[in-house]
1. Looking at Ile182, Ile177 in this structure, which one is in contact with a Lys or Arg (Cβ under 8 Å, 6 or more places away or on another chain), of a type in the set (A, V, I, L, M) and either farther than 22 Å from Thr94 by Cα or surrounded by fewer than 23 Cβ atoms within 10 Å (Cβ to Cβ) (or both)?
2. Would you check if Arg184 is modelled with pLDDT under 90 and out of contact with any Leu (no Cβ under 9 Å at 6 or more places or on another chain)?
3. So Glu122 ticks every box in (1) crowded, with 19+ Cβ neighbours inside 10 Å; (2) at pLDDT below 80; (3) assigned to a helix (DSSP H, G or I) but one. Which box is left unticked?
4. Would you say Gly232 is buried (at least 24 other Cβ atoms within 10 Å of the Cβ) and either within 12 Å of Tyr17 (Cβ to Cβ) or small (Gly, Ala, Ser) (or both)?
5. Among the numbered criteria (1) assigned to a helix (DSSP H, G or I); (2) in contact (Cβ under 8 Å) with a residue 24 or more places away in the chain, which one does Pro204 miss?
6. Against the condition under 24 Å from Gln245 (Cβ atoms) and touching a residue at least 12 places away in the same chain (Cβ under 8 Å), how does Leu136 come out, does it pass?
7. Counting just the residues of segment 46-81 that are aliphatic (A, V, I, L, M) and part of a loop (DSSP other than H, G, I, E, B), which one comes out surrounded by the fewest Cβ atoms within 10 Å (Cβ to Cβ)?
8. Considering only residues that are out of contact with any Pro (no Cβ under 9 Å at 6 or more places or on another chain) and closer than 20 Å to Leu44 by Cβ, which ones fall in segment 177-193?
Amino acid sequence: MEKNRLLIGNLACFTAYALFGFNIISCKGIALDGNITPMALFCLRSFGATALFWLWSLFTAPREHVAKADLWKVALASFLGLFMTQITFLYAITQTTAIDASIMSTLSPIMTLVISAIFIKERVTWSGIAGIALSLLGVFILIFNCVSIRSGADRTTLWGILGMIANTFCFASYVGIFKPLIQRYSVVTFMKWMFLFSSLMALPFAFGAFGASNLQAVPMSVVWQVIYVVVGATFIAYFLIPFGQKVLRPVVVCMYTYVQPVIGMVIALALGMDRLTPLKVLASLLVFVGVGLVNFVPRKASSRT
């Protein structure tokens, strides 16, 4: 039974981060079109996912209530894991080159390891450190040896760097701190409240964001990208991640960030914009071996949460 739960958790995280990999391409396309501002896109993601989760909860979620003492914790989780994570990403991605953004995103598992060790007493093991190091090596090989199909800024600005650092720190804090809270509730219940709080945070900015956007000029190709961002990379992806958070160590959940460069390579290969080499195969193997080392440590080395 435990092995089945671990398998489901790993598959859920892998699928979610694969969706995030495609999300980067969609967000770049939306940003380059220029008719939808980053804040407007965040509002669309937040309002859309909130509606979908609350609608779904009417038919599937158990009738459970979030304790009043936990509501402020859910609000803080929403602020870190949704509001700040998505806002900083959407702004930073327009001010960083694709390579710089990819490199800075690799900080997330390292930050998660430190934060979870401090807040939920996650034990740091040598196998975990070795796994992160191997995956980092694989990611850097992919970054510097794959043709990027993710167009970005001509140069990276200081605000872009600070935005990406804030992005990785906020999501690492969410993953590293809130595992005990997530384990108390069903996925749908937790996420519907997460996105409700996120929508309330976004509401004061919505009118200005939509007023600054030129929604009438958005081409249909960008409309489909927005639909994917809202449904695939937000509703479905954020539904899947808590399955992993319930059973996997926080650092393992965040290490699936390293799947995104692999997804980017696969997309580039499929579009004929890159070619497969033994070095890229080795890099991909290093990524997954590293994830395996962090994931499948002896249970006695895991934290008791």
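The values are calculated or read from the model by the stated rules, or taken from the named source; none is laboratory data. Not measured: the values here are computed from a predicted model. Cβ sites come from the backbone with ideal geometry, for glycine too, and all protein chains shown count toward neighbours.
1. Numbers: Ile177 fails: in contact with a Lys or Arg (Cβ under 8 Å, 6 or more places away or on another chain).
So the residue among Ile182, Ile177 that is in contact with a Lys or Arg (Cβ under 8 Å, 6 or more places away or on another chain), of a type in the set (A, V, I, L, M) and either farther than 22 Å from Thr94 by Cα or surrounded by fewer than 23 Cβ atoms within 10 Å (Cβ to Cβ) (or both) is Ile182.
2. Numbers: modelled with pLDDT under 90: no; out of contact with any Leu (no Cβ under 9 Å at 6 or more places or on another chain): yes.
Taking the combined requirement at face value, the residue does not satisfy it.
3. Glu122 satisfies every listed condition except (3).
4. Numbers: buried (at least 24 other Cβ atoms within 10 Å of the Cβ): no; either within 12 Å of Tyr17 (Cβ to Cβ) or small (Gly, Ala, Ser) (or both): yes.
Against the criterion (buried (at least 24 other Cβ atoms within 10 Å of the Cβ) and either within 12 Å of Tyr17 (Cβ to Cβ) or small (Gly, Ala, Ser) (or both)), Gly232 does not qualify.
5. The number of the failed condition is (2).
6. yes
7. Taking segment 46-81 as the starting set, the residues that turn out to be aliphatic (A, V, I, L, M) are 49, 51-52, 55, 58, 61, 66-67, 69, 71, 74-77, 80.
Retained after the next criterion (residues that are part of a loop (DSSP other than H, G, I, E, B)): 58, 61, 66-67.
Values: Leu58: 9, Ala61: 18, Val66: 16, Ala67: 11.
Here the answer is Leu58.
8. Once the filter is applied, which keeps residues that are out of contact with any Pro (no Cβ under 9 Å at 6 or more places or on another chain) and closer than 20 Å to Leu44 by Cβ, segment 177-193 yields Lys192, Trp193.
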